[in-house]
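Peer 1: Take this structure first; my questions come after.
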Amino acid sequence: MVGALGRHLVLTGFMGAGKTTLGCEVARRLRRQFVDLDREIEQREGATIEELFARDGEASFRAMEEDAAAAVLEGVKPAVIALGGGAVLSAGTREHLRRQAFTVLLDIDPAVAWQRARESKRPLAVDGEAFHALYRERLPLYEEAADAHAHDADGVVLAAAGIDVRIGAVDLLGELVPGSGPVEIVADANVAGIHGVVAQLALGDRVIASHDVPPGEPAKAVAVLERLWRAFRVGRDGTIVGLGGGCTTDLAGFAAATYMRGVPWVAAPTSLVGQVDAAVGGKTAIDLPAGKNLVGAFHWPTRVVIDPGTLETLPEAEMKNGMAEVVKTGLLMGSPVWEQPLAELVRRCASYKAAVCLADPHDLGPRNQLNLGHTFGHALEAAAGYDLPHGQAVALGMVAALSLSGNDAALANVRHELNPQPVHVDRDAAWAALARDKKTVDGTPRLVLLERTGDPTWGNEVPAADVRAALDSLISD
Ligand SMILES: NC(=O)c1ccc[n+]([C@@H]2O[C@H](COP(=O)([O-])OP(=O)(O)OC[C@H]3O[C@@H](n4cnc5c(N)ncnc54)[C@H](O)[C@@H]3O)[C@@H](O)[C@H]2O)c1
Ligand SMILES: [Zn+2]
């Protein structure tokens with residue numbers, strides 16, 4: 001089981017840690033029901049928590065809380081649940097958490113927690129001394145129940161998706177690759193020469209083999225995959241680690257998905273595209289001569305280790321490819337993330353995609369939004385015989401999609417950040433490719449539109465003539 005994929009996401013922490021506020025926000029992002037356990041108890045009992053404490057005493061309240069927690073955690077539909085600050089005192093509740101939830105502890109400085117709690121009417125926040133003593137007493141229980149720690153909504157989502165974003169993460173691969181079993185590394189040959197030694201050292205003698213694969217798209221080929229299948233020696237207790245750009249992680253993930261009917265894998269993306277897009281969300285694939293990503297599987301990595309420090313060695317042209325996805329993500333989320341420092345921008349974009357994918361792991365709805373600009377972009381790439389960088393194609397594609405959306409502000413952002421220039425390709429070939437798009441139904445393309453920044457819609461039927469005109473405007477003579 002990976003993170004909160006398909007199971008409850010529980011937030012715990014001391015009073016004042018922000019469980020309700022962050023829980024609400026994370027539930028919105030994951031499109032899940034939000035359950036605040038304290039509110040649930042108040043509704044059941046028809047009295048406020050303070051009244052229940054005053055009326056029945058703490059012991060009786062804890063019994064009610066344990067019952068309520070069990071009832072909520074036994075619910076089958078994965079929810080986001082905020083537990084009351086004292087709920088983890090119950091051994092029964094901690095056992096339920098272990099079996100039925102992924103539990104994130106919200107870290108809070110006790111002094112800040114006290115400031116917040118004393119302003120509210122919390123029954124256990126009347127005396128500062130007692131409050132701090134309670135914090136020290138409960139901390140070990142919080143730690144025992146926690147699968148991960150976080151301090152903000154992005155952190156909760158990343159933890160829930162099994163993603164670690166930090167500069168220097170590659171040096172920590174030894175700790176970050178779950179378990180203690182053997183590891184085989186699948187590395188892009190370029191990246192192996194730059195970051196491979198650090199990864200090997202970090203994993204130490206867990207590494208039983210390391211396989212270099214061709215840089216870039218040629219890695220995603222049946223022949224390369226077959227070579228890996230034949231070379232692998234790990235069993236189901238082992239882990240495949242994919243180190244490189246999106247091509248390497250797509251290949252390593254698919255190799256892991258298929259070898260021995262599936263072995264665990266860890267993605268360590270080293271390109272901007274890999275860190276904000278390809279390695280997030282559990283899709284893996286290889287290419288066929290007939291097209292890209294035609295054979296693949298959903299196989300969520302047990303951990304995604306994102307080290308923005310590795311981007312220092314990424315060639316400029318590859319940074320540009322990644323920035324197109326960053327601008328796309330910023331427009332989808334409604335925040336100019338592209339203005340953030342690199343490490344922060346990576347963290348926010350990875351978190352955005354992770355939330356969308358946790359909400360829609362099998363690509364049946366919300367995940368469609370990630371294709372903003374891509375229907376046009378793919379058509380241009382195909383017409384160019386794939387001799388057009390993906391980032392450039394997507395930047396142009398966004399120009400078309402945002403024009404059709406009538407969103408001038410977003411259009412200005414794309415032009416300012418990415419400066420896309422029309423490409424010289426065959427107009428009919430581009431149109432033919434667009435008409436072949438999976439999402440075209442009866443000759444009417446279905447597009448992701450963004451009429452309001454931060455509020456994408458998908459499956460929009462747009463008249464073919466308008467789509468063709470928008471596509472033509474991306475092409476130079
Ligand atoms: N699975 C998904 O959901 C998903 C999503 C988006 C894209 N993708 C796939 O991702 C692939 C594109 O990924 P990409 O853009 O990362 O391409 P890539 O893997 O080819 O990497 C780009 C280039 O950068 C080099 N490189 C990578 N990291 C480096 C580093 N730190 N220092 C120096 N050089 C480095 C690589 O050797 C390569 O030459 C495509 O095949 C695409 O289909 C998959
Ligand atoms: Zn893309």
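Peer 1: Going through segment 385-403 one residue at a time, which ones are modelled with pLDDT of 95 or more, within 15 Å of ligand 2 (Cβ to nearest atom) and open to solvent by 30 Å² or more (accessible area, probe 1.4 Å)?
Peer 2: The answer is P389, H390, Q392.
Peer 1: Does A148 count as closer than 23 Å to V72 by Cβ and among the small types (G, A, S)? Break it down into steps so the answer makes sense when it comes.
Peer 2: Numbers: closer than 23 Å to V72 by Cβ: yes; among the small types (G, A, S): yes.
Yes.
Peer 1: Would you say L418 is touching a residue at least 40 places away in the same chain (Cβ under 8 Å), crowded, with 22+ Cβ neighbours inside 10 Å and of a type outside the set (S, T, Y)? Give the steps one after another, and end with the answer.
Peer 2: Numbers: touching a residue at least 40 places away in the same chain (Cβ under 8 Å): yes; crowded, with 22+ Cβ neighbours inside 10 Å: yes; of a type outside the set (S, T, Y): yes.
For L418, the condition - touching a residue at least 40 places away in the same chain (Cβ under 8 Å), crowded, with 22+ Cβ neighbours inside 10 Å and of a type outside the set (S, T, Y) - is met.
Peer 1: When only residues in segment 314-366 that are in contact with a Lys or Arg (Cβ under 7 Å, 6 or more places away or on another chain) and not in a helix (DSSP H, G or I) count, which is farthest from ligand 2 (Cβ to nearest atom)?
Peer 2: Q340
Peer 1: Looking at segment 263-283 only, could you name the residues that are part of a loop (DSSP other than H, G, I, E, B), away from ligand 2 (no atom under 14 Å from the Cβ) and crowded, with 24+ Cβ neighbours inside 10 Å? Write out each step before concluding.
Peer 2: We begin by selecting, within segment 263-283, every residue part of a loop (DSSP other than H, G, I, E, B); these are 263-264, 270-271, 279-282.
Narrowing further to those that are away from ligand 2 (no atom under 14 Å from the Cβ): 263-264, 270, 282.
Within segment 263-283, T270, G282 meet the criteria.
Peer 1: With the requirement that a residue be open to solvent by 10 Å² or more (accessible area, probe 1.4 Å), part of a helix (DSSP H, G or I) and closer than 28 Å to E175 by Cβ, what does segment 207-244 give you?
Peer 2: Within segment 207-244, just A231 meets the criteria.
Peer 1: Is it fair to say A285 is near ligand 1 (Cβ under 7 Å from one of its atoms) and of a type in the set (A, V, I, L, M)? Can you show your working first?
Peer 2: On the way: near ligand 1 (Cβ under 7 Å from one of its atoms): yes; of a type in the set (A, V, I, L, M): yes.
Yes: the conditions hold for A285.
Peer 1: I'm trying to understand the selection: among the residues of segment 297-342, which are within 15 Å of the chain's Cα centre (by Cα), away from ligand 1 (no atom under 12 Å from the Cβ) and open to solvent by less than 60 Å² (accessible area, probe 1.4 Å)?
Peer 2: T302, V305, V326, G330, L332, M333
To keep it simple, each residue is scored yes or no on (1) out of contact with any Lys or Arg (no Cβ under 7 Å at 6 or more places or on another chain); (2) more than 14 Å from V305 (Cα to Cα); (3) open to solvent by less than 40 Å² (accessible area, probe 1.4 Å); (4) among the aliphatic types (A, V, I, L, M).
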{"site": "A133", "(1), (2), (3), (4)": "yes, yes, no, yes"}
{"site": "A145", "(1), (2), (3), (4)": "no, yes, yes, yes"}
{"site": "H149", "(1), (2), (3), (4)": "yes, yes, no, no"}
{"site": "I163", "(1), (2), (3), (4)": "yes, no, yes, yes"}
{"site": "A189", "(1), (2), (3), (4)": "yes, yes, no, yes"}
{"site": "A202", "(1), (2), (3), (4)": "yes, no, yes, yes"}
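Peer 1: Out of everything in segment 284-296 that is open to solvent by 30 Å² or more (accessible area, probe 1.4 Å) and touching a strand residue (DSSP E or B) at 6+ places or on another chain (Cβ under 6 Å), what residue ends up being nearest to ligand 2 (Cβ to nearest atom)?
Peer 2: Of the residues in segment 284-296, the ones open to solvent by 30 Å² or more (accessible area, probe 1.4 Å) are 288-290, 292-296.
Keeping just the survivors that are touching a strand residue (DSSP E or B) at 6+ places or on another chain (Cβ under 6 Å) gives 288, 293-296.
Numbers: L288: 19, N293: 11, L294: 16, V295: 19, G296: 15 Å.
It comes out as N293.
The values are calculated or read from the model by the stated rules, or taken from the named source; none is laboratory data. Owing to the predicted nature of the structure, the values given are computational and were not obtained by experimental measurement. Using ideal geometry, Cβ is built from the backbone for each residue, glycine included, and neighbour counts are taken over all protein chains shown. Each accessible area value is taken on the protein alone, full model and side chains, heavy atoms only, with ligands, DNA and RNA left out. Shrake-Rupley method; radii C 1.70, N 1.55, O 1.52, S 1.80 Å.
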